[in-house]
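K.L.:
Starting off with a structure, shown below.
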Amino acid sequence: MTEKPRQIAAKALFEWESGKTFAETILHRSLNAANLKSIDRHLVQELVYGVIRNLILLDTWIDEKARQPPGKTRARTLLRLGLYQIACMDRIPDHAAVNETVSTARSLGLHSQAGFINAILRAFLRDKEIHLGKLRDWQTSQPHLAFSHPEWLYRKWQKQFGADESIQIMQWNNRIPETYARWNPLQGDLTKLEALWDKEGVTRKPITLPWLDSMKVYKITNFPKKPDELESFKKGLFYIQDPSTLLSVSRLKTSAHDDVLDWCAAPGGKTCAIAATMQNKGSLRATDTGPGRLRLLKENIQRLGVKNTKISLNLSSGKTDTDEKFDAILVDAPCSNTGVMRRRLDVRWRLNEAALRDGHEAQVEILHRASMKLKPGGRIVYSTCSLEFEENQGSIQHFLKTHPGFRLDHEQQLTPFVDGVDGAYVAALMDTL
């Protein structure tokens with residue numbers, strides 16, 4: 001018997017609650033195993049991601065309506081699923097949201113809880129306008145609750161960026177992210193990609209941003225099927241890539257004669273963009289920390305027609321299997337990912353202040369090791385997809401204090417409220433010795 005979209009969504013959320021697997025991985029596996037129409041696939045994705053993004057808000061409503069609120073149970077997960085449809089999805093009629101949630105509960109074996117779930121959802125429905133009015137008030141009085149972010153993180157952003165800007169970050173994180181694609185010139189000219197996209201029914205809009213230089217990036221408004229099923233994808237004519245990730249590639253300023261190291265390269269988006277800026281000439285070394293990541297890196301390099309790149313292991317200690325020295329090094333450092341929370345849903349629920357401190361220490365160590373592989377007069381570009389001072393300016397300041405032979409040539413923080421893209425930080429460091 002074919003499972004319905006809400007059953008698939010509920011089971012994905014049950015698995016996510018165990019805390020063992022990332023939401024994106026669970027959803028990808030669940031959708032691949034299901035035989036669903038495109039509209040139903042989108043419904044499953046919206047339900048799963050919408051519930052996770054709005055967790056604190058939905059739980060607040062549950063706790064207000066239930067005399068004895070359920071703990072971390074499947075009943076609570078089903079209530080979240082129902083409330084999200086009632087309060088956040090205009091296209092689903094309220095009665096359908098209630099009935100389908102109760103039906104889903106029964107189909108998944110929660111017969112004894114079905115009446116309780118039905119009662120809570122109908123009680124919320126009777127007071128829906130009151131609850132939505134309170135939500136509008138919370139957006140200014142308790143924004144971390146209204147936009148479902150940990151309070152400590154909201155307070156941190158408020159101190160760093162300001163109250164209005166912090167709210168804009170949280171609103172951005174709750175938006176469905178756009179899809180962007182970078183044209184890959186190594187596999188064919190732009191007219192070839194455009195012609196194939198027209199044939200395949202890919203609708204898009206070219207974008208212009210100051211740091212893209214000659215890189216061509218499109219905002220995709222519709223893929224008629226999964227991207228990896230398209231001929232244009234299989235031929236390596238494009239790579240799915242947010243424009244914020246290309247700032248570091250631009251600041252690396254590579255030439256066709258450089259020896260370049262991409263320190264944390266997988267899955268390979270920046271590596272392949274660097275190779276394109278180098279016109280597949282010079283020498284590019286791409287490293288990462290394990291066989292699985294290197295396998296993914298190799299697959300993308302091969303599909304995108306990169307010829308000037310060697311892949312090697314970058315051990316967790318920071319050592320590589322090469323004694324080469326490089327003209328330019330990209331350190332795309334492991335970080336908290338707070339700049340890409342709308343794409344990585346688990347981040348806001350797994351992050352804590354201790355992790356930020358640990359990340360800072362690891363980043364400084366990686367920078368130190370990278371500096372030992374740089375040729376005299378070379379440049380290191382350090383990048384993160386973080387908004388946090390500790391991981392960005394803080395790591396660079398620490399490195400410069402302990403490495404007087406380097407100077408800061410350029411730094412830039414991208415934020416949603418200024419640049420309209422995911423958060424990212426880039427610093428270019430020059431060896432002066």
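Read-outs throughout are calculated quantities, based only on the coordinates presented, and are distinct from any laboratory measurement. Values in this document were obtained by computation on a predicted structure and should not be read as measured data. Note that we place each Cβ from the backbone using ideal geometry, even for glycine, and neighbour counts take in every protein chain shown.
K.L.:
Give me 48, 217 sorted ascending by neighbouring Cβ count inside 10 Å, so fewest comes first.
P.N.:
Result, fewest neighbours first: 217, 48.
K.L.:
Let me ask something else about it. Please work out how much length the chain gains when fully extended from residue 310 to residue 21, using 0.36 nm per residue of separation minus the C-alpha to C-alpha distance, in nm with one decimal.
P.N.:
Values: separation 289, 0.36 × 289 = 104.04 nm, distance 3.15 nm.
Going from the current span to full extension adds 100.9 nm.
K.L.:
In whole angstrom, note down how far apart the Cα centers of segment 204-232 and segment 331-345 are.
P.N.:
21 Å
K.L.:
Next question. Could you go through segment 141-149 in sequence order and give the Karplus-derived ³J(HN,Hα) for each residue, using 6.51 cos²θ - 1.76 cosθ + 1.60 with θ = phi - 60°, rounded to whole Hz, and x for Gly and Pro?
P.N.:
Those phi angles translate into 7, 9, x, 4, 6, 4, 9, 6, 10 Hz.
K.L.:
Can you compute the helix-only [θ] at 222 nm over the chain? Use -39500 (n - 2.57) per DSSP H run of at least 4 residues, normalise by all residues, nearest 500 deg cm²/dmol. Could you put the intermediate results ahead of the total?
P.N.:
On the way: 20 runs with 216 residues, N = 433.
Here the helix-only value at 222 nm equals -15000 deg cm²/dmol.
K.L.:
A further question follows. Might you report the magnitude of the Cβ-based charge dipole of segment 5-141 about its Cα centre, with Lys and Arg at +1 and Asp and Glu at -1, to the nearest 20 debye?
P.N.:
Taking the Cα centre of segment 5-141 as origin, the dipole is about 280 debye.
K.L.:
Let me ask you something else. Can you tell which of 88, 161, 392 lies farthest toward the positive end of the dipole of the chain, using +1 and -1 charges on the Cβ of basic and acidic side chains (Lys, Arg; Asp, Glu)?
P.N.:
Checked the options; the winner is 88.
K.L.:
Give the residue from 132, 255, 117 lying farthest towards the positive end of the charge dipole for the chain; charges sit on Cβ (+1 for Lys and Arg, -1 for Asp and Glu) and the dipole is referred to the Cα centre.
P.N.:
Ranked along the dipole, the leading option is 117.
K.L.:
Using alpha-carbon positions, what is the distance between the centroids of segment 407-433 and segment 16-86, in Å?
P.N.:
One Cα centre to the other: 36 Å.
K.L.:
About its Cα centre, what dipole magnitude does segment 244-431 give when the only charges are +1 on Lys and Arg Cβ and -1 on Asp and Glu Cβ, stated in debye to the nearest 20?
P.N.:
Magnitude of the dipole: close to 540 debye.
K.L.:
Using the beta-carbon distance between residue 151 and residue 213 and R0 = 25 Å, what value does 1/(1 + (r/R0)^6) give for FRET efficiency, to the nearest 0.05?
P.N.:
Efficiency, from the Cβ-Cβ distance: 0.05.
K.L.:
Between helix 5-17 and the chain, what is the angle of the helix's C-alpha long axis to the longest principal axis, kept within 0 to 90° and rounded to the nearest 10?
P.N.:
70 degrees
K.L.:
Between 381, 404, 268, whose Cα lies farthest towards the positive end of the dipole of segment 244-431 when Lys and Arg beta carbons carry +1 and Asp and Glu beta carbons carry -1, centred on the Cα centre?
P.N.:
Checking the options against the dipole of segment 244-431, the answer is 268.
K.L.:
Please figure out what share of the DSSP beta bridges in the chain is antiparallel and state it in percent, rounded to the nearest 5.
P.N.:
So the antiparallel bridges amount to about 60 percent of the total.
K.L.:
While we're looking at this one, here's another question. Work out which trypsin sites (Lys or Arg not before Pro) in the chain are exposed loop sites (DSSP not H, G, I, E or B, at most 13 other Cβ within 10 Å) and give the longest gap free of them.
P.N.:
Longest gap between qualifying sites, sites excluded: 320-433.
K.L.:
If you don't mind, another one. Based on Cβ point charges of +1 for Lys and Arg and -1 for Asp and Glu, what charge dipole magnitude is obtained for the chain about its Cα centre, in debye rounded to the nearest 20? Numbers along the way, then the final one.
P.N.:
Numbers: 61 positive and 51 negative charges, 194 e Å.
Dipole size: approximately 940 debye.
K.L.:
Tell me the net charge near residue 300. Cut-off is 13 Å between Cβ atoms, residue 300 excluded, with +1 for each Lys or Arg and -1 for each Asp or Glu.
P.N.:
Values: positive: 182, 234, 270, 293, 295, 298, 303; negative: 228, 262, 288, 299.
Summing Lys and Arg as +1 and Asp and Glu as -1 gives +3.
K.L.:
Still on this structure: For the chain, find the longest principal axis of its Cα atoms and tell me its angle to the long axis of helix 151-161, 0 to 90°, nearest 10.
P.N.:
With rounding to tens, the tilt is 50 degrees.
K.L.:
Angle, helix 163-173 long axis vs. longest principal axis of the chain, Cα atoms, 0 to 90°, nearest 10?
P.N.:
That works out to roughly 80 degrees.
K.L.:
Starting from the amide H of residue 390, placed 1.01 Å from N in the peptide plane, find each other amide H under 5 Å away whose residue is 5 or more places distant or on another chain.
P.N.:
Long-range HN contacts for residue 390: none found.
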